[in-house]
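A.B. asks: First, the structure itself, so that you have it in front of you.
No value in this document is a laboratory result; all are computed from the given coordinates. Remember, predicted model here, so these are calculated numbers, not experimental data. Cβ placement follows ideal geometry from the backbone for every residue including glycine, while neighbour counts extend to all protein chains displayed.
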């Protein structure tokens, strides 16, 4: 793209010299600085305009006649006007690019605070995370996740705030802030879910509009350090996948639990389900951006079908296959926030870095 203005001016020059002088192809030289404004800085754009003017003079002296002098003066005026307009456009473009770069920097800093780097090892678990924001220029959205090692075992959360992009960041931050505090204190996942609901209700009470319009779905997971026992509370979220011994199983709740900030409306009945998580098993937690990915025909991504074909040797490999399958299925048109956590149980891993 950066060479396109030079290529254009070269082509026009060759055509102008090769064609009869009365066709006035040199007038098209004014297009070169206009094209340069989209990719070049102001100085380069002006320099190309000057070069176009010089080429027009050379064409006038070489193949033009005295009767065409006014025509070439008009061409020079057109080139000068186009160059001035292109220089201004280049200046405006550079200012907007600088503003966008600053916005990206702020968004990236926000995301690093909101979604801290996931530890690759907690207790007997290997963990990897994947995050893709729908607001690609902002690089931050409404999906969230966290994993902490506590006295109760490794506790994890993954969730999705209603909406996407920057407007959902505040609520996701409030939920994660509460989880990072309450995960160490609450004795079970039901109490932890209640704590998240109360904290989020206080946060949304300060927001304009109906507070019930602001809610989030989530999954809470607790995996014991010293055995296969694991607990889960599903707060209206897509069910995690358990990949064990070549099989794929959806961990669906026996009784529905309300999404975060909906407890006061539908009742705070939080159901804790249990499942076994043995060595070499893998757990995939994900947000609805995964299952709601569509292909060109409008069909949804068949997650379970694809998961049965993946290599489950490591969490990073599993997430890599998930990402590539989503991109291939959607033809690189992912239009929703996507978050996923892959967790693999190992045998006899020591526990360290336990939170207080």
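A.B. asks: For a quick check: sort 152, 249 by the number of other beta carbons within 10 angstrom, fewest at the front.
C.D. replies: Numbers: 152 21, 249 14.
In order of increasing Cβ crowding within 10 Å: 249, 152.
A.B. asks: Under the Kirkwood approximation applied to all pairs of distinct alpha-carbon atoms, what is the hydrodynamic radius of the stretch 206-356 in Å? Intermediate values should be presented prior to the final figure.
C.D. replies: Details: mean 1/r = 0.0582 Å⁻¹.
Across the stretch 206-356, the inverse of the average 1/r is 17.2 Å.
A.B. asks: Candidates (i) 36, 26, 22; (ii) 60, 22, 17; (iii) 32, 25, 20; which is the computed semi-axes √(5λ) of the Cα gyration tensor in Å?
C.D. replies: From the options (i) 36, 26, 22; (ii) 60, 22, 17; (iii) 32, 25, 20, the structure gives (ii).
A.B. asks: On C-alpha positions alone, give me the angle between the axis of helix 42-63 and the longest principal axis of the chain, in degrees, nearest 10.
C.D. replies: The angle comes out at about 30 degrees.
A.B. asks: Right, something else. Rank the residues 104, 195 as a footprinting-exposure proxy: fewest other Cβ atoms within 10 Å of their Cβ go first.
C.D. replies: Values: 104 14, 195 17.
In order of increasing Cβ crowding within 10 Å: 104, 195.
A.B. asks: Let's test the formula: R0 of 41 Å, r as the Cβ-Cβ distance of residue 295 and residue 3. What FRET efficiency results, to the nearest 0.05? Don't skip to the end; give the middle numbers.
C.D. replies: On the way: r = 36 Å, r/R0 = 0.88.
Working from the Cβ atoms, E equals 0.70.
A.B. asks: So what's Rg/Rh here for the stretch 263-315, counting alpha carbon atoms and using the Kirkwood radius for Rh?
C.D. replies: On the way: Rg = 16.2 Å, Rh = 14.6 Å.
Rg/Rh for the stretch 263-315 comes to 1.10.
A.B. asks: Would you mind calculating the gained length between residue 335 and residue 247 on full extension (0.36 nm times residue separation, minus the Cα-Cα distance), in nm to one decimal?
C.D. replies: Working: separation 88, 0.36 × 88 = 31.68 nm, distance 2.97 nm.
Working it through step by step, the gained length comes to 28.7 nm.
A.B. asks: Using a 10 Å cut-off around each Cβ, can you sort 310, 40 from fewest to most neighbouring Cβ atoms?
C.D. replies: Working: 310 19, 40 24.
Placing the least packed residue first, the sequence is 310, 40.
A.B. asks: Over the Cα atoms of the stretch 4-107, how large are the radius of gyration and the largest Cα-Cα distance (Dmax), in Å?
C.D. replies: 16.3, 61
A.B. asks: Restricting everything to alpha-carbon atoms, can you work out Rg to Rh for the stretch 145-263 with a Kirkwood hydrodynamic radius?
C.D. replies: Ratio value, two decimals: 0.99.
A.B. asks: Given 0.36 nm per residue, what is the gain on full extension from residue 38 to residue 94 after removing their alpha carbon distance, in nm?
C.D. replies: Values: separation 56, 0.36 × 56 = 20.16 nm, distance 0.94 nm.
The residue 38-residue 94 span can extend by a further 19.2 nm.
A.B. asks: Which value in deg cm²/dmol, rounded to the nearest 500, describes the helix-derived mean residue ellipticity at 222 nm for the chain, given -39,500 (n - 2.57) per DSSP H run of n ≥ 4 and division by the residue count?
C.D. replies: When only DSSP H runs of four or more count, the value is -13500 deg cm²/dmol.
A.B. asks: Please sort 293-303, 53-63 by packing, taking for each peptide the average over its residues of neighbouring beta carbons within 10 angstrom, highest first. Write out the running numbers ahead of the final one.
C.D. replies: On the way: 293-303: 12.9, 53-63: 16.5.
The most tightly packed comes first, giving 53-63, 293-303.
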